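This report concerns only the one structure given below.
The values are calculated or read from the model by the stated rules, or taken from the named source; none is laboratory data. None of the values given here were measured: they were computed from a predicted structure. Virtual Cβ from ideal backbone geometry, glycine too; neighbours counted across all protein chains shown. To get the accessible areas, we keep the full protein, side chains included, count just its heavy atoms, and leave off ligands, DNA and RNA. Shrake-Rupley method; radii C 1.70, N 1.55, O 1.52, S 1.80 Å.
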Amino acid sequence: MIHLNLYNNRKRMKKILVIGACGQIGTELVLALRTRFGQDNVVAADVKPEATDALKSGPYKQLDALDKENVRAYIIDNQINEVYLLAALLSATAEKNPDFAWKLNMEGLFTILDLAKEGHIQKIFWPSSIAVFGPTTPRDLTPQYTVMEPTTVYGISKQAGERWCEYYYNKFGVDVRSIRYPGLISYTSLPGGGTTDYAVDIFYNAKKSGKYTSFLNSESALPMMYMEDAIRATIELMEATKEEVKIRSSYNLAGISFTPATLAEAIQKHLPDFTIDYAPDFRQAIADSWPNSIDDSAAANDWHWKLKFDLEAMVKIMLENVDISKLEN
Ligand code: AKB
């Protein structure tokens, strides 16, 4: 009887590994997963030698997503059941280092997909992005299934990754789940190297100096989302039953769509003296190739996804919480 209980308890306690844990999504995802599944059951892993302060609440492992042998050994030896593979180069950084971006964004994925194919991992989360769409995609309320001709290295890697995820599911039954994240807005950890990063930078500069120069023009509408919604979506998708998850490439997620000008106006409601000007750089062309807004009815139908934070709520939280001392570090 005692043995049976022990066995059942062990069975219930899954071991989760988040690779790329020190990044913008990873930091908040690890904290949310630890709250839900227990601090010791969620290992944060990143190429950095030490955990960031935010991640010190639980186990940490230095792991390079490209170090296939080490990743395999760690996962097998520690009986990891679920992997969230977040290590990637984002759109703007990837354009500056295309070879490395392709390598990092693809090779790490194959390592994890193959471990699942061999039966070492039961479930995978792999993030895709609105970057899978391109200039020939319908830009308003972009459908789940549509023309996809991405023009960035990042977008091409995400689209290829989606195809491989679906292939491993169809051929080998690998339980892989994915979301096409819009731009993500948060204050816990800074984003790095994305085209949508202006929508985070703007809050730090509004609080620090009362002004901001946007690297996208005033009318660049892009889909965005407050991080708490993105984390909830990720965990809800991972907790959905296998039958509910009908799309094994990646799910559209809409979030809130706004332009730099609209965001500036929303900030001015709290900080009336805030000013914005515009100096578009190479990221403008990337933004111009992405959708204005997204249709996420498939996520709503399949696993009951519903957005919580609108523009006003997100702006209020960001202005209350961004810590401008982070910019100095
Ligand atoms: C980026 O801007 O590259 C990312 C994304 C939309 O995937 N935030």
Legend entry - Heavy atoms of residue 171: accessible area, 1.4 Å probe, square angstrom to 10: 130 Å²
Inset, instruction - At 1.4 Å probe size, with no ligands or nucleic acids counted, give the accessible surface of residue 28 in Å², nearest ten. - result: 40 Å²
Inset, instruction - Could you work out the relative contact order of region 110-200, using alpha carbon pairs under 8 angstrom and six or more residues apart, expressed as a whole percent? - result: 33 percent
Legend entry - About the Cα centre, charge dipole magnitude for the chain (Lys/Arg +1, Asp/Glu -1 at Cβ), debye: 980 debye
Legend entry - Accessible area (Å², per residue) of region 1-137, counting only protein heavy atoms and a probe of 1.4 Å: 48 Å²
Inset, instruction - Could you pull the accessible area for residue 303 with a 1.4 Å probe, rounded to 10 Å²? - result: 10 Å²
Legend entry - Cα-centre dipole for region 233-312 with unit charges at Cβ (Lys and Arg positive, Asp and Glu negative), debye to 20: 220 debye
Legend entry - Sparsely packed GluC sites (Glu not before Pro) within region 83-134, loop by DSSP, other Cβ within 10 Å at most 13: 118
Legend entry - chymotrypsin sites (Phe, Trp or Tyr not before Pro) within region 180-285: DSSP coil, no more than 14 neighbouring Cβ in 10 Å: 282
Legend entry - Beta bridges per DSSP with both ends in the chain, % antiparallel, nearest 5: 10 percent
Inset, instruction - Provide the gained length on full extension for the span residue 268 to residue 54, in nm with one decimal, where the gain is 0.36 nm per separating residue minus the Cα-Cα distance. - result: 74.0 nm
Legend entry - Theoretical gain in end-to-end length, residue 62 to residue 301 [0.36 nm per residue, Cα-Cα removed]: 82.2 nm
Legend entry - Share of carbon and sulfur in the accessible heavy-atom surface of region 273-329 [1.4 Å probe, %]: 51 percent
Inset, instruction - Could you size up the charge dipole of region 163-277 around its Cα centre, putting +1 on the beta carbon of Lys and Arg and -1 on that of Asp and Glu, and report it in debye to the nearest 20? - result: 260 debye
Inset, instruction - Would you kindly derive the ³J(HN,Hα) couplings of region 309-326 from the backbone phi angles with the Karplus curve 6.51 cos²θ - 1.76 cosθ + 1.60 (θ = phi - 60°), listing them in order in whole Hz, with x for Gly and Pro? - result: 9, 8, 4, 4, 5, 5, 4, 4, 4, 5, 5, 6, 10, 5, 10, 5, 5, 4
Inset, instruction - Calculate the all-directions average of the projected area of the chain's alpha-carbon convex hull, and give it in nm². - result: 17.0 nm²
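If you roll a 1.4 Å probe over region 110-244 with all protein chains in place, what percent of the accessible area is carbon or sulfur?
51 percent
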Legend entry - Where N is the number of residues in region 215-277, Cα Rg divided by 2.2 N^0.38 Å: 1.57
Legend entry - Residue-normalised accessible area of region 192-245, given per residue in Å² at a 1.4 Å probe: 32 Å²
Inset, instruction - State the answer as a single residue: which of 221, 192, 169 lies farthest towards the positive end of the charge dipole of region 164-236, with beta carbon charges of +1 for Lys and Arg and -1 for Asp and Glu, about the Cα centre. - result: 192
